[in-house]
Amino acid sequence: MQTAIVETFQSTMNKCFATVVEDILGRTVKEEIFLLLSRNGIRTSEIASRFDDVVGVLTSAFGDGARVLVFKTVTELYKKYSQQAGFNFGESLRDQITLLRERVTTDLLKPRTLS
């Protein structure tokens, strides 16, 4: 059961990332970002499990502007699990993801339906 919860969490995070990128940058740029990630060995299905690598690739491509995509992805992920995102833009987003994943697995939280 634990594995299914983690897989659902990662799938939800992957979808949140795709939604945020498309909402902010548009469908064409989203496709280009996924191609960029692919060229760097990151498949779409691996975004959540390799999020540090994703952040590195995005930072190389967009500089500090990548942090907006990362921050919005993490806040969207919190929303999907009906959790309040009580952190600021400058805080460690990796820690926030870890905290939410632990809460999800411990409390058996399920995401709201993704649109």
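Any idea which residue in the range 1-29 is most open to solvent (accessible area, probe 1.4 Å), counting only those that are more than 20 Å from L100 (Cβ to Cβ) and charged (D, E, K, R)?
Our first condition is that a residue be more than 20 Å from L100 (Cβ to Cβ); within the range 1-29, this holds for 22-29.
From what is left, the residues that are charged (D, E, K, R) are 22-23, 27.
On the way: E22: 52, D23: 120, R27: 148 Å².
Per the criteria, the residue is R27.
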Close pairs (7 angstrom Cβ cut-off, 6 or more residues apart or separate chains): more than 13 Å from V54 (Cα to Cα) and in contact (Cβ under 8 Å) with a residue 24 or more places away in the chain in the range 14-39, outside any helix (DSSP H, G or I) and open to solvent by 40 Å² or more (accessible area, probe 1.4 Å) anywhere: K15/L114
So F71, is it without any contact (Cβ under 8 Å) to a residue 40 or more places away in the chain and surrounded by 18 or more Cβ atoms within 10 Å (Cβ to Cβ): yes
Residue list for the range 50-77, filter: closer than 15 Å to F34 by Cα and of a type in the set (G, A, S): G56, S60, A61, A66
The one condition in (1) within 22 Å of Y78 (Cα to Cα); (2) part of a helix (DSSP H, G or I) that A48 fails to fulfil: (2)
Condition broken by L35, with the remaining ones in (1) surrounded by 12 or more Cβ atoms within 10 Å (Cβ to Cβ); (2) aliphatic (A, V, I, L, M); (3) assigned to a helix (DSSP H, G or I) satisfied: (1)
Given (1) closer than 17 Å to D23 by Cβ; (2) among the charged types (D, E, K, R); (3) open to solvent by 80 Å² or more (accessible area, probe 1.4 Å), number of the condition K80 does not satisfy: (3)
Condition met for T59 (farther than 30 Å from T106 by Cα, open to solvent by less than 70 Å² (accessible area, probe 1.4 Å) and hydroxyl-bearing (S, T, Y)): yes
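The values are calculated or read from the model by the stated rules, or taken from the named source; none is laboratory data. Treat the numbers as computed from the prediction; the structure is a model and nothing was measured. All Cβ positions, glycine included, derive from the backbone under ideal geometry; neighbour counts span all protein chains shown. Just so you know, the surface numbers come from the protein's heavy atoms only, side chains and all, with ligands and any DNA or RNA stripped out. Shrake-Rupley method; radii C 1.70, N 1.55, O 1.52, S 1.80 Å.
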